[in-house]
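Structure record follows, encoded as structure tokens.
The values are calculated or read from the model by the stated rules, or taken from the named source; none is laboratory data. Owing to the predicted nature of the structure, the values given are computational and were not obtained by experimental measurement. Here Cβ is always computed from backbone atoms with ideal geometry, including for glycine, and neighbour counts include all displayed protein chains. Ligands, DNA and RNA are stripped out before the accessible areas are found, and what is left, the full protein with its side chains, is counted by its heavy atoms. Shrake-Rupley method; radii C 1.70, N 1.55, O 1.52, S 1.80 Å.
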Amino acid sequence: MPEDIYRGIRQTDQPAPERVVIEDSLSLDLDDGLLLSRLSSKIDDSRQALEKNLKWWEKGKLAEDIWGGRHIDENELYPWQTEYMNPVIFRNIETIIPIAVSRIPAPEALPGNQTEQSKSLSLDLEDALESRAKKEHLRSKIRLAIRHLFLYKLGCIKTVWDPNIGLNGDVHYEVIHPSRIYAFDYTTADPDKLEFFVELIEESVHVMAKKFPGKKEEIYNLAGIKDPAKEDKKVTYQEVWFTFIGQDGAPQEGVLWRYGGEILGKTKHPYWDWGGEDRGMIDEFGVESDSKVYRNFMDNPSKPYSFFNYLNLGKQLIDDTSLLEQVWVLQKNINKRGMQITDMADAAQGKDVFSTDGLKDEEIDQITPDPNEDIRVSGDVRAVHAHIPGVPPPEALFADRNANVADVDNVMGAHSETRGERRGTETATGRSILREGDYGRIDDLVQEAIENGMGSVYQQSAQLMKRFYVEDHFIKLNGRDGSVTFKTFNQDKIEDGMEVFVQTGSSLPVDKLSKRAEAMELAASNKIAPDDLFDRLGWDDPVETALKTVVFNSDPAKYAQIIASGQKFSEVITQEAQAAQQAQAQAQAQAQAQPAAPAAPGMEAGAEAGIPAAPEAGGEMEQAMGDAANALAQMRAFAESEKFQMLTPEQQQGFMDQMQMLNERAKELGGG
């Protein structure tokens with residue numbers, strides 16, 4: 001087995017490290033050599049703490065091996081021992097992560113002011129962020145970052161501007177594997193207070209020379225490239241983000257790239273609008289003045305990294321422990337007991353003992369377990385052969401192994417009920433309690449790690465959109481009902497004063513089993529509407545499915561007609577409802593268009609109620625009677641149709657009142 005490095009210095013036992021302060025401040029105006037010297041002092045100190053004291057990368061590599069099933073060293077096993085591993089840690093991690101990332105956190109943009117236009121623009125920003133997240137497959141990237149959190153106690157997503165996406169460039173998200181994190185300010189747990197962060201970038205010499213054309217000769221010399229045919233050689237250089245004090249005394253952000261002892265380039269934060277844009281402003285008195293407009297969404301520039309951590313005491317960015325560390329000893333015991341059980345089970349078949357008086361050595365060697373094989377010996381068989389029975393593994397070994405497995409499940413919060421397995425004789429209520437307990441812990445992981453990290457991702461995305469969405473970017477969003485929404489979005493639609501967060505609870509995992517069981521229970525007692533039922537069951541278009549169900553149960557012939565037409569049920573029903581409303585409006589208009597007759601005593605209120613007066617006589621009388629009869633026929637047909645049954649009780653009553661009024665008027669026109 002590999003050295004158990006978790007027995008070394010315990011993180012939680014270490015006092016919070018002192019923040020390293022160097023008197024000479026960093027500045028982009030410094031000479032390259034002096035700037036590198038000051039940065040190197042900080043970086044070297046960070047490497048010492050992370051590599052030697054915390055053993056961060058070493059522990060992370062072991063955690064990767066545990067997760068990947070590579071932590072058993074075959075060289076340490078006897079030849080007769082069987083390699084055994086029960087990957088309980090892997091199983092539980094890969095149970096928790098899919099539940100935790102089952103719903104991508106939804107962005108929520110607050111408007112810059114209370115106007116309707118501002119509120120509309122904030123919704124457009126939400127759509128732009130959501131559309132970008134889907135195009136970038138952000139859910140898969142969150143999954144990877146959370147997996148790094150379980151193994152390395154830190155997850156990281158970098159938000160950058162990629163000019164090569166589309167026609168005008170766009171926001172891009174990249175998961176940074178911890179092995180690419182070279183150093184960072186380990187003295188704070190607040191990402192906004194990181195003094196520096198160093199990422200390793202691997203690229204070909206050719207690409208590096210394209211990025212830094214002014215340093216092409218130095219790059220080729222440092223890489224040892226003399227033959228241009230070998231310029232595809234991959235090399236690793238550093239991207240260093242750091243905070244420095246500007247001439248105005250305010251903290252500013254800069255970035256430099258170094259390879260070997262050479263600075264390839266350095267600049268202020270390239271995603272921040274430092275210069276602004278001059279614009280003429282006219283105040284309420286009509287006085288024009290010059291003003292600067294800055295294309296910045298965030299209050300201050302920040303390093304383009306968003307971090308995911310969870311089990312943290314607030315001493316440094318890396319978590320103080322992990323679920324994997326907490327159960328590693330139990331996992332080793334599980335493997336040990338499993339190996340013992342397997343070896344004893346193999347030995348339980350016993351051993352055969354042969355006497356060389358009855359069989360020769362070469363004959364004994366040829367004996368196999370083949371059931372069709374016969375053995376012939378001379379003399380008494382009992383004097384030639386005997387069988388020593390083996391000892392089966394005792395129940396205590398099984399009990400100890402199972403107890404360790406249960407302990408791992410308890411610590412990690414991933415019981416068999418959450419995995420969808422049925423074990424033992426646990427009651428339905430007991431299984432529900434265990435599953436809800438696991439989901440409660442996963443909810444906490446989602447809110448503390450995922451939602452916090454994604455809040456930073458969305459804020460940095462909005463900053464890039466505000467800075468670089470000069471041209472219109474097209475947004476396409478798919479609705480659950482299959483509808484598609486198209487919009488255009490640019491930097492002018494991001495108002496000053498807007499804020500971006502993660503919608504509270506938008507990414508919390510849903511216990512689908514409990515939700516479905518509750519829906520079916522309500523349906524059995526007829527206490528849930530069909531569309532709500534199908535929504536809780538997880539159907540893609542619950543409204544359409546509910547309409548299909550209603551029509552199928554009430555009018556199978558009509559159901560078959562709509563299916564054959566290829567139209568959606570919602571479209572057909574909407575068209576029929578609109579046709580009925582038009583027929584009703586037409587009947588009312590025709591009735592009201594007839595000339596009024598002298599009202600009988602006491603009937604003056606009829607005109608106020610909208611009942612048309614009778615025409616005097618002649619052709620107009622016949623025409624009016626025919627129109628009223630046609631209108632009544634249409635209204636009766638609608639009242640007897642399924643469409644009428646889908647109206648609300650208030651709508652049905654109003655329709656029947658109108659029909660009664662028209663019927664009374666038809667009788668009046670007919671003279672009786």
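Numbers below:
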| read-out | value |
| --- | --- |
| Segment 496-527: number of residues that are part of a loop (DSSP other than H, G, I, E, B), modelled with pLDDT of 80 or more and touching a helix residue (DSSP H, G or I) at 6+ places or on another chain (Cβ under 8 Å) | 1 |
| Filtered residue count, segment 249-262, keeping only those that are surrounded by fewer than 19 Cβ atoms within 10 Å (Cβ to Cβ) and either hydrophobic (A, V, I, L, M, F, W, C) or not in a strand (DSSP E or B) (or both) | 4 |
| Residues of segment 59-77 satisfying the condition of being over 18 Å from Glu199 (Cβ atoms) and surrounded by 15 or more Cβ atoms within 10 Å (Cβ to Cβ) | Lys59, Lys61, Leu62, Ala63, Glu64, Ile66, Trp67, His71, Ile72 |
| Residue within segment 124-135 that is open to solvent by less than 60 Å² (accessible area, probe 1.4 Å) and of a type in the set (Lys, Arg) present | yes |
| Asp192, sole failed condition from (1) more than 30 Å from Ala449 (Cβ to Cβ); (2) assigned to a helix (DSSP H, G or I); (3) in contact (Cβ under 8 Å) with a residue 12 or more places away in the chain; (4) of a type in the set (Asp, Glu) | (1) |
| Some residue of segment 212-226 being at pLDDT 95 or above, open to solvent by 20 Å² or more (accessible area, probe 1.4 Å) and not in a loop (DSSP other than H, G, I, E, B) | no |
| Residue count for segment 62-82, restricted to those that are in contact (Cβ under 8 Å) with a residue 12 or more places away in the chain and more than 26 Å from Leu138 (Cβ to Cβ) | 11 |
| Every pair of residues 6+ apart whose Cβ atoms lie under 7 Å, when the first sits in segment 293-321 and is without any contact (Cβ under 8 Å) to a residue 40 or more places away in the chain and over 19 Å from Arg441 (Cβ atoms) while the second is assigned to a loop (DSSP other than H, G, I, E, B) and open to solvent by 20 Å² or more (accessible area, probe 1.4 Å) | Val293/Gly276; Tyr294/Gly276 |
| The one condition in (1) within 28 Å of Gly265 (Cα to Cα); (2) open to solvent by less than 50 Å² (accessible area, probe 1.4 Å); (3) modelled with pLDDT of 75 or more that Leu34 fails to fulfil | (2) |
| Condition met for Thr159 (among the polar types (S, T, N, Q), touching a His at 6+ places or on another chain (Cβ under 9 Å) and touching a residue at least 12 places away in the same chain (Cβ under 8 Å)) | yes |
| Search result, residues across segment 177-225 that are of a type in the set (Lys, Arg), more than 30 Å from the chain's Cα centre (by Cα) and under 28 Å from Asp45 (Cβ atoms) | Lys215 |
| Pairs, first at positive phi in segment 367-394, second at pLDDT below 75 and loosely packed, with under 12 Cβ neighbours inside 10 Å, C-beta under 8 Å, six or more apart | Gly379/Asp357 |
| Hits in segment 528-545 (condition: hydrophobic (A, V, I, L, M, F, W, C), at pLDDT 80 or above and not in a loop (DSSP other than H, G, I, E, B)) | Val543 |
| Residue under evaluation Ala183, criteria (1) surrounded by 20 or more Cβ atoms within 10 Å (Cβ to Cβ); (2) among the aliphatic types (A, V, I, L, M); (3) out of contact with any Lys or Arg (no Cβ under 9 Å at 6 or more places or on another chain); (4) assigned to a strand (DSSP E or B), criterion not met | (3) |
| All helices (runs of 4 or more DSSP H) inside segment 347-422 with 3 or more residues being acidic (Asp, Glu) | 361-365, 395-412 |
| Test: Glu94 is over 22 Å from the mean Cα position of the chain (by Cα), surrounded by fewer than 18 Cβ atoms within 10 Å (Cβ to Cβ) and of a type outside the set (Phe, Trp, Tyr) | no |
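Per-residue answers, yes or no, for (1) modelled with pLDDT under 95; (2) under 13 Å from Met454 (Cα atoms); (3) among the small types (Gly, Ala, Ser):
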site	(1), (2), (3)
Gly112	yes, no, yes
Glu116	yes, no, no
Leu123	yes, no, no
Leu144	no, no, no
Leu151	no, no, no
Leu154	no, no, no
Gly166	yes, no, yes
Asp170	no, no, no
His177	no, no, no
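Let's see how each residue does on (1) in a helix (DSSP H, G or I); (2) surrounded by 19 or more Cβ atoms within 10 Å (Cβ to Cβ); (3) in contact with a strand residue (DSSP E or B) (Cβ under 8 Å, 6 or more places away or on another chain); (4) modelled with pLDDT of 80 or more:
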site: Glu426; (1), (2), (3), (4): no, no, no, no
site: Arg435; (1), (2), (3), (4): yes, yes, no, no
site: Ile442; (1), (2), (3), (4): yes, yes, no, yes
site: Lys466; (1), (2), (3), (4): yes, yes, no, yes
